[in-house]
1. Which of the following residues is modelled with pLDDT under 90, over 30 Å from A88 (Cα atoms) and aromatic (F, W, Y): F195, F209?
2. When you go through I71, I81 one by one, which is the residue that is farther than 15 Å from V176 by Cβ, touching a Phe, Trp or Tyr at 6+ places or on another chain (Cβ under 9 Å) and in a loop (DSSP other than H, G, I, E, B)?
3. What is the one condition in (1) over 28 Å from the mean Cα position of the chain (by Cα); (2) farther than 30 Å from Q138 by Cβ that A175 does not satisfy?
4. Looking at the structure I just gave you, is K236 outside the structural domain of I353 (by TED's automatic domain parsing), part of a strand (DSSP E or B) and at pLDDT 65 or above?
5. Go through the stretch 82-101 and report how many residues are out of contact with any helix residue (DSSP H, G or I) (no Cβ under 9 Å at 6 or more places or on another chain) and more than 14 Å from L126 (Cβ to Cβ).
6. In this structure, is I77 β-branched (V, I, T), at pLDDT below 90 and under 19 Å from G164 (Cβ atoms)?
7. Check T58 against each of (1) surrounded by fewer than 19 Cβ atoms within 10 Å (Cβ to Cβ); (2) outside any loop (DSSP other than H, G, I, E, B) and name the one condition it does not meet.
8. Please verify whether R263 is within 33 Å of the chain's Cα centre (by Cα), at pLDDT below 80 and either buried (at least 16 other Cβ atoms within 10 Å of the Cβ) or on the phi > 0 side of the Ramachandran plot (or both), treating the condition exactly as stated.
Amino acid sequence: MTRLIQILLLITALVWTGQTQAVRIKDVADIEGVRANQLVGYGLVVGLPGTGENSPFTEQSFKMMLNNFGITLPAGIKPKIKNVAAVAVHAELPAFIKPGQKIDITVSSIGSAQSLKGGTLIQTFLKGLDQQVYAIAQGSLIVSGLGAEGLDGSKVVINTPTVGRIPNGAIVERAVPSPFGQGDYITFNLRRPDFTTAKRLSDAINTMFGGSVNAQVATPLDAASVKVTAPRDISKRISYLSVLENLEFEPADESAKIIVNSRTGTIVIGKNVRLLPAAVTHGSLTVTIAENQQVTQPDAFSEGGETVVTERSIVDVAVDDTRMFVFEPGVTLSELVRAVNEVGAAPGDLMAILEALKEAGAIHGELIVI
């Protein structure tokens, strides 16, 4: 039994032995307006052991930094800055974070620097989409990658030496206004929109606070959003949400899907996938080509005889026993896995079978190749 079939059988057992599990609202939905914001900046990493770069924009940035400190290089002097690298700095500003708190940052080389290991990021402004400065980054980099290069141009690179992180490397200077405390409602946005899930979420809230689904505390707006009435007082609203976000309900089953990762050979089949009547033949054609070298010496006993090497090719074609299995109407995931297991299909063969069944219109479900 192949490793793939074992995994599919395990997934089948888990799906068929358990029912839909209740989940908390906080695990499947976000609160509208409560969001993170992306920050980005441009800066210089200094102190590199000769692994930096001499690009024009790095040189220009280096001169501007010196000018900010009141240092002007004489005309015609071109600094050698192999210990400096130009980098892009990015971070995520969490919701409700306040000035003075710290966030992690990621630093990436944008030029030809070989490595950022051992470098230090100097003061860099991190800006949002509105071009306002929200944080200031600085600190020593942690780089897990390693790179080494020989004089002949050969080199070895482990992980990514041109990307590093600085934990708590940026200090927040500006808070982002949040609409959380405004209005008479809060809205839950489902991470995976589904009409049934939105209906069940609103029913669970109504039942908890109103005693029946007729008490319209919560109203589904569409497949992704549920609007819930909330107190205006901010302290009461927080207490109210602490109860709501831990409320459990049963989301709807996902639509029937088959996910195929063509790069890794991973295949995941949802429990709602069904098959129409179909017959599948499984077989393989193996072609083997071997090259053998033989030494011969024509006219061995004559003065003009020479030893030569001749090539001998052996081509062998083998066809494995083909097998056919039939899917009856309404075949489920467990029956599909059992049939494939009996045939002994490899991951590549299974992907070909699924694609052929989809093209034949024999699968009730969406086939997604990633």
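The values are calculated or read from the model by the stated rules, or taken from the named source; none is laboratory data. Every value quoted in this text rests on a predicted model; they were computed, and no experiment measured them. Every residue, glycine as well, gets a Cβ built from its backbone with ideal geometry; the counts of neighbours run over all protein chains shown.
1. Result: F209 is the single residue among F195, F209 that is modelled with pLDDT under 90, over 30 Å from A88 (Cα atoms) and aromatic (F, W, Y).
2. Going through I71, I81 in turn, just one is farther than 15 Å from V176 by Cβ, touching a Phe, Trp or Tyr at 6+ places or on another chain (Cβ under 9 Å) and in a loop (DSSP other than H, G, I, E, B): I81.
3. Failed condition: (2).
4. Considered against the rule, which asks whether it is outside the structural domain of I353 (by TED's automatic domain parsing), part of a strand (DSSP E or B) and at pLDDT 65 or above, K236 comes out as no.
5. Restricting attention to the stretch 82-101, the residues satisfying the condition of being out of contact with any helix residue (DSSP H, G or I) (no Cβ under 9 Å at 6 or more places or on another chain) are 82-83, 87-94, 97-101.
Subsequent filtering for residues that are more than 14 Å from L126 (Cβ to Cβ) retains 82-83, 98, 100.
Count: 4.
6. Answer is no for this residue.
7. (1)
8. no
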